[in-house]
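A short worksheet on the structure shown next.
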Amino acid sequence: MTDAELAAHLAEVAGRILIEVRESGMFEGKALGNAGDETANQFLCHAMRAARPDDGLLSEEEKDNSARLSHSRVWIVDPVDGTREYGEARSDWAVHVGLAIDGEAQVGAVALPGAGLVLRSDRAGEVPPSPDKLRMVVSRTRPAAEAVAVAEKLGAELAPMGSAGAKAMAIVRGEADIYLHSGGQFEWDSCAPVAVAQAFGLHCSRINGSPLVYNQADPYMPDLLICRQEHAEKVLAEIAAL
């Protein structure tokens, strides 16, 4: 399989596993989230090491190994992006399988098991046109103050949503127009979504306009902007004005 085919296959299978774990009826609440995270992580990490033994690997659910820093190719995975939403049987959660090459998110797949979809960097299409009133996705539990302020300046409607992957794919799918996050994330929250979004021609950057760089010693990534190219300049200007 190509890298993109591998990413899509693993994301899709992990999503099916997670649905099975949830539908088993053996877990609920936090225990369900933990069981899903651990089960999907075991599958993804074992499968990735078997399929790409010479590449580095960074997973949210596995102890970080600094050996990855010596690799130019590093797989960055999030077994369950949006554990709360997964545990609540919502659809706005995701599985991320991304590949960073020399620090750039180049290949990725984002599975949305609740919607029966896998969006992938090798099967990009056109993003549907934006409506007259822009829509900005924000956290459904803790929307960032900067995002709310920029939305007010742009006259954009807020669209609360769960996981980072679900938010990013909402832009790809034409369900929203801007994803502005300033509340802190990690590389696994955005690597695969950014690879997919870039393949679809979307703007992806830090909120100061600088590039998103992956496979860093500290995987913390404070902020993120994903939006249509035609909105990027205006959004970045409004952020700078704050």
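The values are calculated or read from the model by the stated rules, or taken from the named source; none is laboratory data. Since the structure is predicted, the reported quantities are computational estimates derived from the model, not experimental observations. No Cβ is skipped: glycine too gets one built from the backbone with ideal geometry, and neighbour counts run over all protein chains shown.
What to note about this one:
- Residue in region 140-147 that is more than 28 Å from ALA89 (Cα to Cα), touching a residue at least 60 places away in the same chain (Cβ under 8 Å), charged (D, E, K, R) and not in a strand (DSSP E or B) present: yes
- Flag for LYS167 being among the basic types (Lys, Arg), surrounded by 21 or more Cβ atoms within 10 Å (Cβ to Cβ) and in contact with a helix residue (DSSP H, G or I) (Cβ under 9 Å, 6 or more places away or on another chain): yes
- Apart from one condition, GLN198 fits all of (1) in a helix (DSSP H, G or I); (2) surrounded by 22 or more Cβ atoms within 10 Å (Cβ to Cβ); (3) touching a residue at least 60 places away in the same chain (Cβ under 8 Å); the exception is (2).
- Selection status of LEU180, crowded, with 20+ Cβ neighbours inside 10 Å and in a strand (DSSP E or B): yes
- Positions within region 207-239 being more than 16 Å from PHE186 (Cα to Cα) and among the polar types (S, T, N, Q), in sequence order: ASN208, SER210, GLN229
- Of the candidates LEU212, LEU154, LEU236, LEU224, the single residue that is crowded, with 16+ Cβ neighbours inside 10 Å and under 13 Å from SER130 (Cβ atoms) is LEU154.
- Subset of region 1-36 (residues that are closer than 17 Å to LEU57 by Cα and at pLDDT below 95): none
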